[in-house]
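Only the coordinates and a few stated rules stand behind these numbers; no lab work does. The model shown is predicted, which means the values in this text are computed figures rather than measured ones. We place every Cβ from the backbone using ideal geometry, glycine too, and count neighbours over all the protein chains shown.
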Amino acid sequence: MRNHQIANGEIKAELVLKNCRIIDVFNHVIEHNDIAIEQGIIVGIGDYKGFKEIDMKNKYVSPGFIDGHVHIESSMLTPTEFSRIVIPRGTTRVIADPHEIANVLGVKGIGFMFRSGQKTPLNLHLMVPSCVPATEFETNGSTISNEDIYSLKERVGILGLGEVMDYPSVINGEPNMLNKLSVIKDKIIDGHAPLVTGKQLNSYLLENIKTDHECTNIEELNEKVSRGMYVHLREGSATRNVEALVNGITPYNSNRLLFCTDDKHPMDIIREGHIDYNINLAIKHNVDPITAIQMATINIATCYELRQVGAIAPGYIADLVTFNDIQNINVEEVYIKGVLVASNKEPLFEVSPFEDVHVINSVKLNLQDVKFDLSLKDSYVKVIKLIPNNVTTNKVMRTVTVENGLYKNNPDEDILKIAVVERHHYTKNIGLGLIEGYGLKNGAIAMSIAHDSHNIVVVGDNDEDMFKAVSELYKIQGGIVVVSNNEVKGTLQLEIAGLMTNKSYTHVNDKLKELEEIAFELGINKEVDDPFLSLAFMSLPVIPELKLTDKSLFDVIQFKPVEIEGE
């Protein structure tokens with residue numbers, strides 16, 4: 001009854017934001033008015049009185065921004081610390097797929113993410129990972145079974161099923177995959193369908209898959225929207241698609257378009273922003289500002305069936321963002337459930353580290369089994385060719401140097417050895433291949449971040465440095481290691497599942513800057529953009545075109561393991 005009395009103007013509200021320029025995402029207009037808030041809910045738009053009144057002095061007030069698809073683990077921060085870096089940029093809610101930690105620790109890892117997320121003001125929604133492992137052609141730490149999906153789907157905070165990356169299994173109607181999708185068919189199902197078009201797209205969509213965040217061209221975007229999908233325009237650290245797709249945004253399709261980051265490092269969030277960066281990038285390329293804000297708010301809420309979220313209206317949650325210039329959004333204040341939680345890019349809340357002994361000591365390895373001899377019968381071989389600013393690769397054929405039946409690095413060629421070392425079950429699996437375009441000289445880089453099974457990925461121009469890097473990684477139980485001339489040049493320890501740390505975002509940011517400087521000094525190709533995130537995706541066998549797992553070189557187009565020699 002009290003809320004009705006406030007709405008009717010009979011009594012005061014707890015909080016009234018006066019003199020606002022309200023972004024109306026329903027009518028696509030700006031309304032000059034007050035916003036009355038009671039117990040975290042918007043109870044009225046109009047002329048209101050409050051026990052606390054804040055004169056917004058004609059600032060724009062927008063619904064809080066939503067990241068429609070994110071893997072928090074890729075920030076290398078726990079959900080608690082992640083919130084301290086994204087909330088000041090206007091992100092008040094995220095839809096997270098924790099399949100990174102699930103590939104290492106299974107349901108136990110999902111539980112960690114949920115409990116950590118409860119310690120922050122950030123509204124955290126989880127999708128149950130659909131493909132753990134992503135394919136049968138690699139070794140991961142744990143499996144999410146149909147029974148796990150069934151038991152998880154009704155838990156608080158679970159929205160639906162995470163991105164279905166094994167798209168060939170869906171398209172081909174493989175029974176195991178169809179059974180998995182049927183377990184959660186009454187919930188939202190996220191897609192992952194790079195370059196899937198035509199009749200294959202029709203087949204993919206028969207299973208009620210609703211979204212895709214892998215579009216790289218306007219034709220693909222238009223086709224997927226026309227087939228009933230919502231399409232995320234993604235702007236992460238290694239995958240940047242907004243500029244390629246922005247000219248495909250029209251008044252007719254914009255309500256089916258969303259924003260996400262997918263994977264973004266803290267240093268990029270600090271430097272550029274989070275979802276606010278996607279919005280500003282779209283505006284810079286002549287997208288109407290309110291349309292861009294709709295793509296970060298009401299469109300996502302509608303897609304994911306989030307009630308009373310994504311707009312400024314009576315009955316909606318008071319998640320709000322303020323700024324002065326709609327053409328270049330510079331977030332000033334952020335409110336979550338009516339509470340001021342950030343101002344001038346600084347969080348106004350503290351979080352305590354979430355300790356859990358079950359998510360550490362995850363790197364299991366016998367170093368005596370680690371060898372990098374790449375045997376070749378032929379010098380004409382398949383090579384993974386990097387594509388700048390993307391996680392897709394090209395499959396190319398190159399003639400390389402072979403001595404005594406083994407590959408030998410030629411310093412005059414831009415080709416390096418790459419290995420994926422299994423680190424979950426002591427299998428002794430080591431996948432070996434070659435990569436072009438990375439540019440490293442006199443050293444090696446090793447990481448326990450290797451999408452999506454998160455084995456150890458290591459690249460280098462000599463076996464000694466590669467072994468040293470893997471040895472140090474084992475010693476610190478996960479993270480990033482850079483080695484040169486058999487000397488460890490820098491490390492970032494990621495003790496939680498080998499993916500995240502309990503340390504602050506400033507610590508991670510400083511360490512990443514230090515490691516990046518060292519990496520570029522060792523000759524990393526500047527076009528790689530992010531040398532670590534780019535390397536992390538070289539082991540993901542559901543992103544075209546050629547990748548490497550702990551078991552073999554993998555041709556994603558043919559969707560099968562292949563030998564390195566011959567076409």
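Within 11 Å, Cβ to Cβ, of Lys371, how many net charges do the neighbouring residues add up to if Lys/Arg are +1 and Asp/Glu are -1? Each step should come with its number before you reach the end.
Values: positive: Lys428; negative: Asp369, Asp373, Asp463.
Every neighbour counted, the sum reads -2.
In whole percent, what relative contact order does the chain give with Cα contacts below 8 Å and a gap of six or more residues? Present the calculation step by step, with values, prior to reporting the outcome.
Details: 1431 pairs, mean separation 86.4, N = 567.
It rounds to 15 percent for the chain.
Placing a label point 7 Å from the Cα of Asn27 along the Cα-to-Cβ direction, the residues of the stretch 284-328 whose backbone N falls under 15 Å of that point are 312-314.
Given the alternatives (1) 54, 30, 19; (2) 61, 24, 21; (3) 43, 24, 22, semi-axes √(5λ) of the Cα gyration tensor in Å as computed for this entry is given by (3).
Within the shell defined by Cβ-Cβ distances under 13 Å, the residues around Ser471 carry a net charge of -2, with Lys and Arg each +1 and Asp and Glu each -1. Once C-alpha pairs closer than 8 Å and six or more residues apart are averaged by separation and normalised to the residue number of the stretch 360-562, the relative contact order reads 22 percent. The lysines within cross-link reach of Lys377, meaning a Cα-to-Cα straight distance under 17 Å and a gap of 8 or more places when in the same chain, are Lys408, Lys417. Here the residues His213, His71, ranked from fewest to most Cβ neighbours within 10 Å of their Cβ, fall in the order His71, His213.
Among Ser352, Ser145, a tally of other beta-carbon atoms within 10 Å of each Cβ gives an order, fewest to most, of Ser352, Ser145.
Karplus-derived 3J(HN,Hα) values for the stretch 276-293, using 6.51 cos²θ - 1.76 cosθ + 1.60 with θ = phi - 60°, are 4, 5, 4, 4, 5, 5, 5, 4, 4, 9, 6, 7, 4, x, 5, 4, 4, 5 Hz; glycine and proline are entered as x.
Rounded to the nearest 5, what % of DSSP beta bridges with both residues in the chain are antiparallel? Walk me through the numbers on the way to the answer.
Numbers: 73 of 105 bridges.
Taking every DSSP beta bridge within the chain, about 70 percent pair in antiparallel fashion.
For the stretch 360-562, rounded, prolate or oblate, judged on the Cα gyration tensor with a ≥ b ≥ c (square roots of eigenvalues), a/c < 1.5 rounded, else prolate if a/b > b/c? Present the calculation step by step, with values, prior to reporting the outcome.
Values: a/c = 1.43, a/b = 1.35, b/c = 1.06.
Verdict is rounded for the stretch 360-562.
Close amide-amide hydrogen proximity is noted between Gly50 and Ala13, each under 5 Å apart and 5 or more residues distant or on a separate chain (H modeled in the peptide plane; Pro and chain starts excluded).
Restricting to the stretch 148-257, what percent of DSSP beta bridges are antiparallel, rounded to 5? Before the final figure, lay out the partial values.
Details: 1 of 8 bridges.
In the stretch 148-257, approximately 10 percent of DSSP beta bridges are antiparallel ones.
Based on C-alpha pairs under 8 angstrom that are at least 6 apart in sequence, the stretch 64-310 has a relative contact order of 20 percent. Positive contributions from Lys and Arg (+1) and negative ones from Asp and Glu (-1), summed over other residues with Cβ under 13 Å from the Cβ of Ser552, come out at -3.
Exposure proxy ranking for Ser504, Ser453, based on other Cβ atoms within 10 angstrom of each Cβ and starting from the fewest, stands as Ser504, Ser453.
For the set Lys284/Lys489; Lys119/Lys284; Lys57/Lys337; Lys382/Lys511; Lys180/Lys513, the pairs lying more than 31 angstrom apart at their alpha carbons are Lys284/Lys489; Lys119/Lys284; Lys382/Lys511; Lys180/Lys513.
Looking at the stretch 1-84, the DSSP beta bridges with both ends there are about 65 percent antiparallel.
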